[in-house]
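One structure below.
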Amino acid sequence: MRRVMYCIMTVTVLTNWSAAALRADTEQASKPVSTSPSFEDVKAWVGAYKATHRGNRGKDWDINATTPAQIAADPAAQRLLAICGKDQRPVIPLLAWEYGGSDHQWIKPEKSALVYCVHVPVRNPTPNWQYDARKEQVTAAVYVLFPDQNPCKDQQGADQVVACIGDRSNFEILVDTASINDGRDVGLSLASASTAPMLILPDGTRVHLWDDA
């Protein structure tokens, strides 16, 4: 078992190369995966997804902004969304966007880990995701999917993420994912909630990651 560190539709005309790449990526994504994907597997999937989802000025890369209908029609998106497990979403710096004010991609993704897994809203609280309605606060667990390839694996505590975040504004992407769709999918209303992300380290201990001011 792999140890993990428990963070307007556009129409484009594809070139012959990109159309072929899209077909190949879709065919590969349709194949069942019997074992957990490796770091190199996921890195290749991310690169293929980015190459074949170029619309909307790059926002089509953001798998966490896709609709259920878009996901159902896109095996490559389904494959990436499944890499972190149940009730989690993968935040992939090479694909992720931050929205509000001036929308922007994850800043300096090359400095960050390949994938941060973020626990998302659930109907009933768990050790990895809770909502305190009185305080209007979400507490959500985050971890790095491939800790051995984490560029900040030699840092201590929260710095295993903080030191490689690239830009502090990138934390907003992790926070927004922890309250994805403002909790509507599970009957919650989290638009006004603050979020306290907790980082799960490779040994299972938890540390406070960042203050969502």
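A compact table of results
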item: Residue that is farthest from HIS104 (Cα to Cα), among those in the stretch 162-180 that are surrounded by fewer than 21 Cβ atoms within 10 Å (Cβ to Cβ) and among the β-branched types (Val, Ile, Thr); result: VAL162
item: Any hit, the stretch 73-92, residues being in contact with a Ser or Thr (Cβ under 6 Å, 6 or more places away or on another chain) and charged (D, E, K, R); result: yes
item: Criterion (more than 22 Å from LEU201 (Cβ to Cβ), touching a Gly at 6+ places or on another chain (Cβ under 7 Å) and of a type in the set (Gly, Ala, Ser)) met by exactly one of SER112, SER189, SER102, SER169; result: SER189
item: Matching residues, the stretch 181-205, being of a type outside the set (Ser, Thr, Tyr) and either in a loop (DSSP other than H, G, I, E, B) or closer than 18 Å to GLN105 by Cβ (or both); result: GLY187, LEU188, LEU190, ALA191, ALA193, LEU201, PRO202, ASP203, GLY204
item: Hits in the stretch 82-138 - residues which are among the small types (Gly, Ala, Ser) and more than 13 Å from the chain's Cα centre (by Cα); result: GLY100, GLY101, SER102, ALA133
item: Selection within the stretch 135-165 - assigned to a loop (DSSP other than H, G, I, E, B) and of a type in the set (D, E, K, R); result: LYS135, GLU136, LYS153, ASP154
item: Output for the stretch 77-110, where each listed residue is farther than 16 Å from LYS59 by Cα, out of contact with any strand residue (DSSP E or B) (no Cβ under 9 Å at 6 or more places or on another chain) and crowded, with 16+ Cβ neighbours inside 10 Å; result: ARG79
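Residues checked against (1) hydroxyl-bearing (Ser, Thr, Tyr); (2) at pLDDT below 95; (3) crowded, with 21+ Cβ neighbours inside 10 Å; (4) farther than 21 Å from GLU40 by Cα:
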| residue | (1), (2), (3), (4) |
| --- | --- |
| VAL115 | no, no, yes, no |
| HIS119 | no, no, yes, yes |
| ASN124 | no, no, no, yes |
| ALA133 | no, no, no, yes |
| PRO151 | no, no, no, no |
| ASP182 | no, no, no, yes |
| LEU201 | no, no, no, yes |
| ASP211 | no, yes, no, yes |
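The values are calculated or read from the model by the stated rules, or taken from the named source; none is laboratory data. Given the structure is predicted, the values throughout are model-derived calculations rather than measurements. Note that we place each Cβ from the backbone using ideal geometry, even for glycine, and neighbour counts take in every protein chain shown.
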